[in-house]
Structure formats: structure tokens, C-alpha cells
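Read the figures in this text as sums done on the coordinates, not as results from a lab. For clarity, every value in this text was computed on a predicted model and none was experimentally measured. Neighbour counts are summed over all protein chains in view; Cβ atoms, including those assigned to glycine, are modelled from backbone coordinates with ideal geometry.
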Amino acid sequence: MNERFETYSPVETEAFGEKMGREAKAGQVYCLSGDLGVGKTVFTKGFAKGLEVTEYVTSPTFAIVNEYEGRLPLYHYDVYRISCEEEMEDTGYEDYFYGEGVCLVEWAELVKDLIPQDAIWITVEKDYTKDDDYRLITIRQEG
């Protein structure tokens, strides 16, 4: 699977995330990539809303993982500050990745060898030749 979608505002990016969250199933791992400030957290807020999470969603930059209760548990990882895959061991990532919740991992490319083969990869990009709010969202699943 390799699909591309365009959004033209933060509201549309959040709504797209919400649609994906509504379709999420227990045990799925979503890997979210994109430059700083591209809208990964906006997408994640929508994704959480689609999972019926009512808590305020923030990026877990310093906590590494935030847990939210919804229709399914959401485990939101930000591994930007992880310096090596061995550091992931301290987070108990296997319990999350192979559990009954849904994992959304920002900067997953930094720990790619630990990511399950059937993970869904989502890349959010800006196109600086277009409007500032334009985003290209690419979804790919290899396994």
C-alpha cells in the first residue's frame, strides 16, 4: 500500500488524522515522520480524537511515551531524543508495540530495526512552493 493525500489547513490535517484513528485496530503501530514543525502533533491530536481520547494530547518529547485512554489505548512515542536503539529497552517498547493498544511513533526512522514489519508509515511534508498550510501526507505499509 502506498497512498498520498493533500491537506490545505491544520483543520484538514487534524481531520485526516481523526479518520485514521477511527480506522485503527488493536495492535497496530503507526510510524510518523516529518521535519520539525510540519504538523505531526496536529495529525496526532486528530488521530487521538478518532480513538475517542478525551485528554489533551501533547508531544511526548521529554517523556518519550504518553499513554491515553480511548476506544483503544493510545501509546504516543516521540523517539527524537533516543540516541540508540538500546535506550528503547528502558521504555518497555515491546509491551506497547505488541500489546492491545495502538502505537503512534514519531521519528520512528531513528529506531527502524525495532519497528514491526507490518507497521504503517505516515510521512507529513510541507511543499514550500505552495501555501504555508499545505501538507502532503504519504501512507505506506510494507509488511
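Name the residues in the stretch 102-143 that are among the polar types (S, T, N, Q) and either in contact with a Ser or Thr (Cβ under 6 Å, 6 or more places away or on another chain) or on the phi > 0 side of the Ramachandran plot (or both), would you?
From the stretch 102-143, those among the polar types (S, T, N, Q) are 117, 123, 129, 138, 141; that's our starting set.
Answer for the stretch 102-143, where residues must be among the polar types (S, T, N, Q) and either in contact with a Ser or Thr (Cβ under 6 Å, 6 or more places away or on another chain) or on the phi > 0 side of the Ramachandran plot (or both): Thr123, Thr138.
Is the stretch 85-105 home to any residue that is polar (S, T, N, Q) and under 30 Å from Tyr128 (Cβ atoms)?
For the stretch 85-105, residues polar (S, T, N, Q) and under 30 Å from Tyr128 (Cβ atoms): absent.
For the stretch 11-19, state whether one or more residues are surrounded by 21 or more Cβ atoms within 10 Å (Cβ to Cβ), polar (S, T, N, Q) and in contact (Cβ under 8 Å) with a residue 60 or more places away in the chain.
yes
What residue, of Gly70, Gly101, is over 19 Å from Val38 (Cα atoms), touching an Asp or Glu at 6+ places or on another chain (Cβ under 6 Å) and surrounded by 17 or more Cβ atoms within 10 Å (Cβ to Cβ)?
Of Gly70, Gly101, the one residue that is over 19 Å from Val38 (Cα atoms), touching an Asp or Glu at 6+ places or on another chain (Cβ under 6 Å) and surrounded by 17 or more Cβ atoms within 10 Å (Cβ to Cβ) is Gly70.
What are the residues in the stretch 32-63 that are among the hydrophobic types (A, V, I, L, M, F, W, C) and touching a Leu at 6+ places or on another chain (Cβ under 8 Å), if any? Spell out the reasoning first.
First, the residues of the stretch 32-63 that are among the hydrophobic types (A, V, I, L, M, F, W, C): 32, 36, 38, 42-43, 47-48, 51, 53, 57, 62-63.
Passing the criteria: Leu32, Phe43, Phe47, Ala48, Leu51, Val53.
Name the residue, out of Val29, Val57, Val42, Val79, that is without any contact (Cβ under 8 Å) to a residue 24 or more places away in the chain, surrounded by 17 or more Cβ atoms within 10 Å (Cβ to Cβ) and not small (Gly, Ala, Ser).
Details: Val29 fails: without any contact (Cβ under 8 Å) to a residue 24 or more places away in the chain; Val42 fails: without any contact (Cβ under 8 Å) to a residue 24 or more places away in the chain; Val79 fails: without any contact (Cβ under 8 Å) to a residue 24 or more places away in the chain.
Testing whether each residue is without any contact (Cβ under 8 Å) to a residue 24 or more places away in the chain, surrounded by 17 or more Cβ atoms within 10 Å (Cβ to Cβ) and not small (Gly, Ala, Ser) leaves just Val57.
With the condition being aromatic (Phe, Trp, Tyr), within 20 Å of Asn2 (Cα to Cα) and within 10 Å of the chain's Cα centre (by Cα), I'd like the strands (runs of 3 or more DSSP E) fully within the stretch 15-126 carrying at least 1 qualifying residues.
Of the strands (runs of 3 or more DSSP E) lying wholly inside the stretch 15-126, those with at least 1 residues that are aromatic (Phe, Trp, Tyr), within 20 Å of Asn2 (Cα to Cα) and within 10 Å of the chain's Cα centre (by Cα) span 29-33, 120-126.
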